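Everything on this sheet refers to the single structure shown next.
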Amino acid sequence: MAIFCSYYWSSFPFDNICNTDVVNADYIGTFELTPFDPETGSKYLDANETEIIVSYAENDPLYSWCNQDFLAPARYENFGMGGHSFPFTPQTHSDKIDPELYMSQEQLISTTYFGWGALAILIVVIAKMLVSWYLIWRQNMYGRYKAPLGELQGITFSELESKNAYIPKAKSEAFAYPLIACKVQGLDKELFDFKDERRSHKHYDLSLDVVKLLARPELKDLVPGFSVVKYWSPRSK
């Protein structure tokens with residue numbers, strides 16, 4: 001948006017007309033003009049068209065065609081006006097366009113700041129995109145692990161009053177507590193971060209539901225698709 005705004009500001013007032021301070025004596029007088037087709041470069045008078053009569057006096061203001069398009073559209077290439085200029089500032093104009101011919105002093109100043117500001121925004125946006133892509137690539141290549149911060153407190157995990165082990169779970173709106181995506185057999189109930197006063201953790205074991213749904217006894221000892229969680233307490237020694 002900033003780039004296109006700076007382009008529109010630099011091309012204002014979009015009329016491609018510049019005031020000529022010095023009047024050429026060749027333009028003073030009365031002239032007959034014939035309609036002209038700029039695409040074919042030929043005259044196209046027919047029975048319904050006539051010559052155009054134009055008169056200029058010595059004190060009349062004189063205007064000439066000038067290019068106000070920093071992008072130099074392809075339709076102007078036949079007139080030798082090809083090429084483009086970016087950023088859209090008076091200091092970076094090409095040899096096909098002269099902003100001082102149609103810009104006011106205020107427009108020269110404003111388009112200078114606007115054009116360079118738009119270029120700075122473009123650089124910042126591209127840099128941000130590159131950094132985002134790099135972070136995504138690094139996460140996919142090396143994972144998202146961060147080293148733990150802090151110092152050892154000399155307290156073992158088994159001595160903690162409140163334990164919260166990493167146990168895979170799945171949330172469901174039909175249950176007040178999360179479903180457990182592994183076998184709970186052999187796991188201490190203190191390892192879970194929730195407790196149901198009415199039911200045991202076995203009630204939320206999804207691996208048991210799979211065995212019932214598939215009705216395959218051989219899956220009792222091996223249920224594919226679930227994580228395996230093991231825990232050995234200090235008392236097991």
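Laboratory data are not the source of any read-out in this text; all were calculated from the coordinates shown. Model, not experiment: these values are computed from the prediction. Glycine also receives a Cβ, built like all others from the backbone with ideal geometry; neighbour counts cover every protein chain displayed.
Worth a mention:
- Gain in span if fully extended, His203 to Phe14, counting 0.36 nm per residue against the direct Cα distance: 60.5 nm
- Spin-label model, Phe226 to Leu160: label points 7 Å out along the Cα-to-beta-carbon direction sit 2.4 nm apart.
- Highest-first arrangement of 182-190, 167-175, where packing means the average Cβ count within 10 Å: 182-190, 167-175
- Cβ-derived FRET efficiency at R0 22 Å, Val125 paired with Thr92, nearest 0.05: 0.65
- Segment Thr30-Trp137, length gained on full extension (0.36 nm per residue, minus Cα span): 31.3 nm
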